[in-house]
Amino acid sequence: MSSETIFEVKRFGKAIFFLAFLAAVFAVSVNAQSPSQTNAGNSTEGTVSTSANSAAPAQNDGSAEEKVPPSAPAVFYIGQPPLDENVPSILAKQIPAQFALPVTNSIICTWIVAAIILIIVRVTTWKNIKEIPSGMQNLMESLVEGLESLIGDIVDKRVGRWVFPFAATFLIFIVMCNFVDLIPGVGSIGTNHGGTFTPLFRPPTTDANLTVMMAGLFLVMSVYWALRYNGVWGLVKHVFGVKVETNKWAFPLFFLLFVFIGIMESLSILIVRPVALAMRLYGNIFGGENVLDTMLHHKNFFVAVLSALPFYFYEVFVCLLQAFVFALLVVAFVGTLCTPGEEHGHK
């Protein structure tokens, strides 16, 4: 088997569906395999096969379906990669192997999405802000004002000023990360080294590392805002305090009950809510990517197109919905910690 790394276009067939070009988004599905995969030992270095279904029939009978791996593979390393990693490296001599930093295909897409957001924001706010907005400025202002109004209806006005930039950034970033899943070439253009295909791009939100990081950031900020709003003792009373009117005889029983409720609430704040945020987003986008990948790898191209077309429309809806749900849950969870309320006790 050849050990040479070659550039490979694996398949086309992923696109964003807009009304202006609905009929033209699906290109011919291409599975480009290296000869080491198609001829089982009769390899020829430096060549790429571009037939629509170039794998051997024994590999394409449905018994060995290709799946999107749960973990994002490294495209290259900053430093010397481990000995068993057949991927390129940069600065290999300057950085020892134990300190090597893997750069995955999801990280590359994350950088691209962040750069696009910064460019759009810069272009729409650079020396041409108008009192009567139009074009991109009008779109950005409408999005910001709509989300600000929605958040103001959910949480206290002071809390809304804190959480609005946070939730708005999450919403815009996640929407763009989710839509990467529908761009042609994402997941299908990459390198083939020794029969192992590594895509150059992967939707960022199909990598659990990103969603867990965002959930962890939410946890830190929500606790900070709760302490800032309630104070330390106020937050303790908010979580563990007795919240019903009771007499002095029943108060110990209610106190124990609300201590138990407070412990459950603490577990929810520190564990359940961040895990729910991270896994909900990751599971929906990763699952959709797997379903599309399975559909588009059907050996009959027309069956692949007809089966995937309705699901593409559904994925557009899911990408928007999951970003909105993530941002809205962030606001709602912060609101439950920063809600003014009267603590009750015994008479």
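Just so it is clear, none of the values below were taken in a lab; they were calculated from the coordinates. Source: prediction; values computed, not measured. Ideal geometry is used to build each Cβ from the backbone, glycine not excepted, and the neighbour counts take in all protein chains shown.
Quick look at the values:
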quantity	calculated
3J(HN,Hα) from dihedral phi, the range 150-155, Karplus parametrisation 6.51/-1.76/1.60, rounded to Hz, x for glycine, proline	5, 5, x, 7, 9, 10
Scattering curve values for the range 224-347, log₁₀ I(q)/I(0), Debye with Cα scatterers, q = 0.17 Å⁻¹	-0.91
Equivalent ellipsoid dimensions for the range 158-200 as semi-axes, Å, which come from the Cα gyration tensor, largest first	38, 10, 5
Amide H within-cut-off set for T104, under 5 Å, with H built and near neighbours excluded	V75
Rg and Dmax of the range 149-259, Cα atoms only, in Å	22.9, 76
Residue order, fewest to most beta carbons within 10 Å, for F313, F326, F240	F313, F240, F326
Karplus 3J(HN,Hα) series, Hz, for the range 106-123 with 6.51 cos²θ - 1.76 cosθ + 1.60 (x for Gly, Pro)	6, 5, 4, 5, 4, 4, 5, 4, 4, 5, 4, 4, 4, 5, 4, 5, 5, 5
Likely footprinting exposure, I154, I269, fewest C-beta neighbours within 10 Å first	I154, I269
Residue exposure sequence - W162, W233 - by fewest surrounding Cβ within 10 Å	W233, W162
Distant-in-sequence amide H partners of G185 (H built 1.01 Å from N, under 5 Å)	G13, K14
Amide H contacts of S89 (H built 1.01 Å from N, under 5 Å, at least 5 apart or other chain)	Y77
Largest to smallest principal axis extent of the C-alpha atoms in the range 110-337, angstrom	75, 49, 32
